[in-house]
Amino acid sequence: MLIWLSVAAIGSCGVTMATSGWGPTGILLSAGLFGLTTFPIYSVAAAHAHAHDFASSDERVELSAALMFWFALGAIAAPYGASVLIEAKGPEAMFVMLAIGHAGLIVFGIARMRARHTETAHRIC
């Protein structure tokens, strides 16, 4: 699910760049599409991480705090990086940055899918 949300987010970045000349209507529609594809990513990542499945009940609060810390660190660093890119290359550069970030998330998701053994794989063997 996370991989498909990232694919959709990359598509919405492309739509946003393609409709940048459509005026306020294009901006609002593309912003809505972008929000639809990107806002659920943290919740889906937290739900599908299965990190809580491997943590003891004593570690769950610390695990949630660590996940929120890394999310917050990205929420601080990304706007700064985007502002530097926008000043250097224009507004479209922010969406290129976001698309690259989502592409990295896709690569990470695929790598994790290949590395993790699931319960079904254990039952088959």
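Only the coordinates and a few stated rules stand behind these numbers; no lab work does. Predicted model, so just to flag it, every value in this text is computed and none were measured. Glycine also receives a Cβ, built like all others from the backbone with ideal geometry; neighbour counts cover every protein chain displayed.
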Could you go through segment 10-23 in sequence order and give the Karplus-derived ³J(HN,Hα) for each residue, using 6.51 cos²θ - 1.76 cosθ + 1.60 with θ = phi - 60°, rounded to whole Hz, and x for Gly and Pro? 4, x, 5, 5, x, 5, 4, 5, 6, 9, 4, x, 7, x
Hey, if you put +1 on the Cβ of every Lys and Arg and -1 on every Asp and Glu Cβ in the chain, which of Met68, Phe39, Leu105 ends up farthest toward the positive end of that dipole? Leu105
Quick one: among Val15, Val61, Val96, which has the greatest mean-square fluctuation in a GNM of the chain with alpha-carbon springs under 10 angstrom? Val61
Specify the inter-centroid distance of segment 34-105 and segment 7-24, based on alpha-carbon positions, in whole Å. 20 Å
Find how much the distance from Ser83 to Leu36 grows on full extension, using 0.36 nm per residue of separation minus their present alpha carbon separation; answer in nm with one decimal. 14.7 nm
Once fully extended, how much extra length lies between Ala111 and Leu67, figured as 0.36 nm per residue of separation less the alpha-carbon to alpha-carbon distance? 13.9 nm
